[in-house]
Each structure stands twice: as C-alpha cells, then as structure tokens.
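Inspection log for the structure reproduced underneath, given as structure tokens.
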Amino acid sequence: MSHSAARREEAEAREREVLGTLACFSDTHFARPLDERPDRFRTCFVRDRDRVIHCGAFRRLKDKTQVFVIDEGDFYRTRLTHTLEVSQMARFLCRALRLNESLGEVLALVHDIGHPPFGHEGERMLGECVDVPFDHNRQALRIVDVLESPYTDRPGLNLTHVVRHSILKHGGSAGHGAADWAGHVVEAQVADLADSTAYQHHDLEDGLRAGILTGDALAELGIWKLAASRVDAARAGPGTSRADRVRRRMILSQVLKTALVDLVDTTSDALGAVSETSSAALAGAPRRVVRHSSGLAALHGELAGFLHEHFYRHPRVLRSVAMARDAIGVIAEHYRDNPRELPETYLTRVDEDGLDRSVCDYVAGMTDRFAMDEWRRLAAQRPVTTVSERTDMTADTETLVLNIETLQHRVGHVFRDRKLAETALTHSSARSDDQHPNERMEFLGDSVLGMLVADELFARFPDHNEGDLSRIKSSVVNRHALRKVARRWRLDELLTLGPGFRDASDIPPSVVADAVEAVLGAVYLDAGVEVARRVVRDEFGPLIDLASDRSRASNFKSTLQNFTQGELGFTPHYQVLDESGPDHAKTFSVAAIVNGRRVAVANGRNKRQAEQRAAREALTTLVAEHEAEKTTKKTRGARGSRGDHGAPDDVAPV
C-alpha cells in the first residue's frame, strides 16, 4: 500500500475546487516584498501563519492586557487568548462562507501584535509621549516588515502583500509593491468582524465573572433577551446557584452562536449579490460585504453601548488608567533622555529611524509585566521628596517608593500627598521620630468603611429591614472581609515593619487587615469621600453581593412569598400550633398555610426559627408540585399538537 505526502500544488488545486469565486486563492496572491521559492508542502498563507506564530511579538501577547490588567486573575482574557478566539471564529466563518481559511487564520493571529502594554490606554499615552504618530495597526505592519527579522538574507518576515495590506484595517498603503486597494479582501473583513464579535462576547463573560455586570442588567438588553428565549430559560421556583450558572453559560453561548450564524447567512446573501468576480476586484471597492443583518446589527450596537457604559468605564477597569499613563510616561521619558540605555537592537536603529521612533518601538514591544517592573525600577530613581524628608535614596527609601507606586496601582488611586500613603503602610513596630504609624489612620478608615458600606446597603436594599441590613453589614465589615481585600492588594508585601517582624515567616493577619482600614483612611484624607466610596464599592461590592445572596437564601419566608404570589397568586401566612417547654428552652410549632391549605409544619426554638423552617418545607413541596403540573401540561400539549416541526435549535457552546 503506497502513501504520498500532500504537496502544495494539491492544496492549491483543492482551493479551486472548494472555495467560492470571491475567495483569495493561494496560487494567485502569493506575491511578497521579496520573491521566495514556493514551499513544497505549505501554501503561501499557511507559510505566513507559521511565521507569525513563531515570532517574538506573537509570544508576548500572552502577557499583554485585553481589558483587565494581567495581575487581576488567571481566568480573564489576555491579548493572546483573545487572538486565539478570534482565530477560531475567523476559521469557522471562512469555512462556512467558502473563503480561504488559512488567510482568515493568519489575519486573526497577526491583528493584535502591534498593541503596546496596558491596552488602548497604553496606545493613547504612547502617542502623547513621543513625537511620532502611533497606531497599533501601523505598528503591526512595522513589526512584520522591520522589527521581526529572523533571517540573515532579508528584513522582516516577508509576508504576502495581501496579508500586509489587510493588517492596515483602516486603510493606507502597505508599500513595497502591495496593491493599493481602496477596500479589503473578504477574508480580511471576516477577521475584522470575528475580532469585534469575540471581544463583545468575552467581555460579557469576563464582566459577569468579575461581578461588574449582573444578570439583571443584562436581562434588559435585546441580544440577551433573544438568546435567553432561544435557550428557553423560563423556570419556576427559586432555582439553585448552579442552575443559574449553567443558564448563564448557555445564554452566553447562544449570544455568540446567534452572531456567527447571522454573519454567515447575511454575508452569504451579500456575496451572491455582488457584481465583482474576483477577490482583487472586490477589494478595490471601498465597501463591506461581511456584515450582520440590520436587526442584529442594531442589537450589537446596543450591546456595544452597554459595555462601554457599564464595563469599560467601571472603576475596577479604569483603575489601570492612572497606572498605565504614569508607567508609559516614566518609561518613554527616561529613554528619550537616556538613549544609550536602550537595548542594542533598538539603539542601532536610532540613526535610521530617529530616537522617538526607536523609543516607541521598544516601549510598544514590552509586555505588561515587563513594563510594570521597568516602571518601578525607574520610579525608584526619580526624586520623590514627599515620601520622606530625607534627600538621600537609601535602599529602604527606594523600597518605600516602589511600595507606594504598587499600592496606587492595586488600589486604583494616585495619591496627591504620598506622605499619607507612607503613613498607611507603616506599622507601629516601625514608628520613628520622622514617621508616625498607621494607627490613627486605621481608626479613621474603620469609620469611613462602616459609613460607606452602611450608605451603600441603605441605597441598594430599600426593602430590607434594620435586622437584615445589620446582618449583611456585619458580613462585610469584619476581619475576615478585610483580610480578603488585603490578600487582593497583597498588602503583606508592602508594609513597613519593625525589626521584630523581619524574621517572621508570616505577618499576623490582623496587622494586614488593619492596614486595609489605614489605606482607606489615607484615600479619604487625600481625595475625599467620593473617591473613598469608589474604592469601597470596588473592593467590598462583591462581598456585599455575596452577603445579600446568602441573606436571601436563608430567608425562606421571603422566597416562599415571592414564589406563591408570582406563580400561584396567593400570599402565605403562618399559624402557631403549639408552644411548649420551660421559658429558657421553649419549642414552637408553626404551620405554613397557602390558600387555606396547611402545606408544612415545623418546630423551632423560637417563633422566627419555626416559621423559617416551615417556609423551607412548604417551598420544597410547592415547587415540586408546580414542576410536576407543568410537565403534565407539556405532555398533554405535545400529544395534541404533534407534527413535523423539526428539531429544536442546538444551544451547545460553539
């Protein structure tokens, strides 16, 4: 039995057999800035893809920001995970539309390699710090043409002209012999729509995971309503937290599937209606054929506005803005003033490209992690007279400067008076004649935290009584909650401690928890109550949500009332059936009654406990009965209206 390898010519022939007439064929669009011998096995676009994957700029996407900065958590998207999702969607769309899948893939993989650290804020700041224009698409083209040069006989990656032109999503000439098309080939339009579809979908998911977005807010969005209706998520009863999570994931999956299917259907119709007969002819026309239907485009426009207002402008997302501006500014200024400190690769290009362009190339190529380390290193060299009255920069002073910079990033507030931050980080064991400890600031922060949490609870839960509000507040304002925030800020790394602690393996948790209150007091003194409110809401808001969820879960009387009123049209009431035992150990027997029916009876050490237990038992019974009744009705309806209506929509993840 013979077996032969698949050669490039065979792959190109298969493209001619399978792809549509408006696809970008490998045997037509193979031209590059410098001619190369064709590969034996790979088409020109597969070869481009391999070169992108193996370049350093692509690998650095792993540690570059998408929305959340890299130290927010391991489960949020980075530039690399976003790029891989875009690639998957672009390949699916190209395959469904009979376009060149390999071209769609390489365009998805290369589309973000020009981004600097800290996302779009880093791009804006870099453009302000150097005297040359900066655009991440132009920078991506410069990377593949100039900066990534793994070959000895030619500069850059020498990608095909169609890929190089497509990198410039907003127009412009790619030069070096590339066609000066007014528009883009269809695969480039597909990659662009895959990009926006991917980031809208995963920003929804990341926003929900972070607790910034809520299901109640999303329920008002048209795209969410449409997806939820297709999942058929109508359920009776209170449900469970697991059921809610599964339902949410199914809706997120349906949002994505709806977008992709609509793109395929609408674009397929649009491609069938054009008069052009080749990819080059279509690229010469400045119009888009890859698009959503008008109805879904409107829903995605609504979603984009919602994300901008409720996600991208949320304090937790914006917390990196001040840090990004300071970091990029410090780094760019330093290397403009000290060009000899640039790495040799960039220093050798100063004569040809100019200092500002070389500094821009170096900073834009940094990962978030490297940029933050570089920022802290350079910030320690800058004179900071507000940190200490001493003018000499000892090792301890440098550490303090770095700790304050790090604190500002983690808290999301840049101190106007850094002496306040210094005090907040100083434990009483490190007190000196020149530096007061954080005890007084801790006292103030304790009151600030209690007042702001109480104010937040009062505004958020207008139907809660005093007892419910107090229980939620006690779950949020306590040592355990403070230690959670301290771990998030990693305050144990930043505190100034006395000699007694320097050899301790662990700093007492109480010391770190107290420092959280001191930091809140410092923020309040530095910027006022509204900035302190933002920090408290950002850090303690998820704890409030968790405590309120637990409160609702334990209040079976309220849950039973919501269920019976909403589903059955009756309000439950409770009847004490018996009271026995001595005064110090009484037992109460209470019945839960709905529509005159005694649904459940339970005992408790007091009337409140007995009522809650009776409500819990009644809720379990009534929900089960209601579900059984619904199932019976559906079965009868199916028997009476059975017909050939086709299978239900598949709602499995794409």
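Assorted remarks:
- Positive minus negative residues near residue 343 (Lys, Arg vs Asp, Glu; Cβ under 12 Å): -2
- Gyration tensor (alpha-carbon) shape descriptor, the chain, a/c threshold 1.5: oblate
- Put simply, the amide H of residue 577, placed in the peptide plane, has neighbours under 5 Å in 589, 590, 591, leaving out anything fewer than 5 places away on its chain.
- Label-to-label distance, nm, for residues given as residue 302 and residue 277 (7 Å Cα→Cβ offset): 4.4 nm
- In a simple Cβ point-charge model (Lys, Arg +1; Asp, Glu -1; nothing else charged), the chain has a dipole of about 2500 debye relative to its Cα centre.
- When the charge dipole of segment 109-252 is built from unit charges on Cβ atoms (+1 for Lys and Arg, -1 for Asp and Glu) and taken about the Cα centre, the candidate among 228, 183, 211 whose Cα reaches farthest toward its positive end is 228.
- Estimated dipole of segment 128-170 in Debye, rounded to 20 [Cβ of Lys and Arg +1, of Asp and Glu -1, Cα centre]: 220 debye
- Accessible area per residue (1.4 Å probe, heavy atoms of protein chains only) ranks 607, 64 as 607, 64, with the largest value leading.
- Cβ-based charge dipole, the chain, positive-most Cα from 90, 294, 104: 294
- An oblate overall shape is assigned to segment 89-161, the ratio a/c of its alpha-carbon gyration tensor axes (a ≥ b ≥ c) being 1.5 or greater and a/b not exceeding b/c.
- Listed residues 435, 174, 582: farthest to the positive end of the dipole of the chain (Cβ charges): 582
- Accessible surface ranking that places the most exposed of 212, 331, 53 first, with a 1.4 angstrom probe: 53, 212, 331
- Unit charges on C-beta of K, R, D, E only; dipole of segment 84-144, Debye: 360 debye
- Segment residue 216-residue 429, length gained on full extension (0.36 nm per residue, minus Cα span): 71.9 nm
- Annotation: residue 17 carries an accessible surface of approximately 140 Å², with a 1.4 Å probe and no ligand, DNA or RNA atoms counted.
- When the chymotrypsin sites (Phe, Trp or Tyr not before Pro) in segment 146-226 are filtered for DSSP coil states and for at most 12 other beta-carbon atoms within 10 Å of their beta-carbon, the remaining sites are 151.
- Per residue, the chain exposes 49 Å² of solvent-accessible protein surface, assessed with a 1.4 angstrom probe and all protein chains in place.
- Label point distance in nm, residue 37-residue 620, each placed 7 Å from Cα along Cα→Cβ: 7.8 nm
- Inter-probe distance in nm under a simple model that places probes 7 Å from Cα toward Cβ, at residue 173 and residue 463: 6.6 nm
- Cα gyration tensor category, rounded, prolate or oblate, for segment 121-172 with a/c compared to 1.5: oblate
- Amide N proximity, segment 583-618 versus residue 576 label position 7 Å along Cα-to-Cβ, cut-off under 15 Å: 583-592, 602-612
- Using the Cβ-Cβ distance between residue 138 and residue 480 with R0 = 56 Å, the FRET efficiency computed as 1/(1 + (r/R0)^6) comes to roughly 0.65.
- Solvent accessible area, Å² - residue 493, 1.4 Å probe, full protein context: 100 Å²
- Solvent-accessible area assigned to carbon and sulfur over the chain amounts to 50 percent, based on a 1.4 Å probe.
- Sites matching chymotrypsin sites (Phe, Trp or Tyr not before Pro) across segment 10-111 that sit in DSSP coil, with at most 14 neighbouring C-beta atoms within 10 Å: 41, 75
- Think of it as helices only: each DSSP H run of n ≥ 4 in the chain is worth -39500 (n - 2.57), and spread over all residues that comes to -18500 deg cm²/dmol at 222 nm.
- Residue order by solvent-accessible surface for 349, 40, 616 is 40, 616, 349, largest first, with ligands and nucleic acids left out and a 1.4 Å probe.
- Using the Cβ of residue 107 as centre and a radius below 10 Å, the other residues enclosed give a net charge of -3, where K and R count +1 and D and E count -1.
- Calculated FRET efficiency, residue 607 to residue 451, Cβ-Cβ distance, R0 = 35 Å: about 0.55 to the nearest 0.05.
The values are calculated or read from the model by the stated rules, or taken from the named source; none is laboratory data. These numbers come from a predicted model, not from an experiment. For neighbour counting, all protein chains shown are included, and Cβ atoms are generated from backbone atoms with ideal geometry for every residue, glycine included. These area figures cover heavy atoms from the full protein model, side chains too; ligands, DNA and RNA do not enter into them. Shrake-Rupley method; radii C 1.70, N 1.55, O 1.52, S 1.80 Å.
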